[in-house]
Amino acid sequence: MRITKINDHLTQLTRLRFVNAYLVREDDGLTLVDTTLKGAGKDIIAAADAPIRRILLTHGHGDHAGSVDELREALGADVEYLLAEPDARIHAGEAKKTAGGWPKIASRPDRFPVARERIGSLEVVAAPGHTPGHVAFVDARDRTLLCGDTFTTMWGVAVTAKKLQRWPLAATATDDPELDRQSARTLRALEPARLAPGHGPVVEAPLVAMDRAIAKA
Ligand SMILES: [Zn+2]
């Protein structure tokens, strides 16, 4: 796993060169945003330089939720697990699977993050489309946008609603492109100072690139 310290609040964890999770520093320890694929639990725990207090997912796809079960087992039930309700219902078999990979996840969230809620320094932003329950998070301290899979940055900034692109993996897993485009505009309107995506490097001062990506999508 590649560990990239972005700033005092944010560390990016990358597996297989293209799947990211993030450690966000809070007063009480760390918030883990996404878990990458199955099998990353030990590496994520080893990368944490403070206790992980909560596991927060942008959405339920296997390359984001894959290590939730092993992390829950290793960290114990005191570590809160949050995933938005529509995606949690797919994991629970209560709703139909949408596009993309949905592995078996036994863990059930302790609660569902809701739009505009603050979880430590992170504000929850509803960004459905890639999956029905997809959410993004803005760090109120420095306007970092953890955008999940609404945007990718593998070969430049792109909206996952755009089907034909140089890095198509997250695009083909996008359930509702029109809703995803709307969410991309919602996230752009937040005027983030940096974009921290599920796939690709962190991009500083991303507004022009986001505008270009939205225009192309
Ligand atoms: Zn995804």
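Rounded to the nearest 5, what is the percent of antiparallel bridges among the DSSP beta bridges in the range 2-216?
Details: 29 of 42 bridges.
The answer is about 70 percent antiparallel.
Each residue in 14, 152, 144 was given a count of other beta-carbon atoms within 10 angstrom of its own, and listing them fewest first yields 14, 144, 152.
Computed from label points 7 Å out along Cα-Cβ, the spacing between residue 216 and residue 1 is 3.1 nm.
Ordering of 161-167, 59-65 by packing is 59-65, 161-167, highest average first (other Cβ atoms within 10 Å, averaged per residue). With the Cα gyration tensor of the range 17-126 giving a ≥ b ≥ c as the square roots of its eigenvalues, does the rule (a/c under 1.5 for rounded; else a/b larger than b/c for prolate; else oblate) give rounded, prolate or oblate? Verdict is oblate for the range 17-126.
Would you kindly state how much longer the chain becomes between residue 95 and residue 73 on full extension, computed as 0.36 nm times their sequence separation minus their alpha carbon distance, in nm to one decimal? The partial results should precede the final answer.
Numbers: separation 22, 0.36 × 22 = 7.92 nm, distance 2.52 nm.
So the extension gain works out to 5.4 nm.
For the range 50-93, what does the alpha-carbon gyration tensor say about shape, rounded, prolate or oblate, given a ≥ b ≥ c as the root eigenvalues, a/c under 1.5 as rounded, and a/b over b/c as prolate? Cα axes put the range 50-93 in the prolate bin.
With contributions of -39500 (n - 2.57) from each DSSP H run of at least four residues, the per-residue ellipticity at 222 nm computed over the chain stands at -6500 deg cm²/dmol. Evaluating 6.51 cos²θ - 1.76 cosθ + 1.60 at θ = phi - 60° for every residue in the range 204-217, the Karplus couplings come out as 7, 6, x, 4, 4, 5, 5, 4, 4, 5, 5, 4, 7, 7 Hz, glycine and proline recorded as x.
Non-local lysine pairs in the chain, meaning eight or more places apart or on different chains, with alpha-carbon distances under 24 Å, amount to 13.
The peptide list 133-140, 73-80, put in order of mean Cβ contacts within 10 Å with the highest first, becomes 133-140, 73-80. Sparse packing (at most 14 other Cβ atoms within 10 Å of the Cβ) combined with a DSSP loop state is found for the following trypsin sites (Lys or Arg not before Pro) in the range 39-98: 96, 97. What is the spin-label model distance, in nm, from residue 80 to residue 27 if the labels are put 7 Å beyond Cα along the C-beta direction? Calculated label separation equals 1.4 nm.
Bear in mind these aren't lab numbers, they're just calculated from the coordinates by the rules spelled out. This is a predicted model, so every value here is computed, not measured. Please note: Cβ atoms are built from the backbone with ideal geometry, for glycine as well, and neighbour counts cover all protein chains shown.
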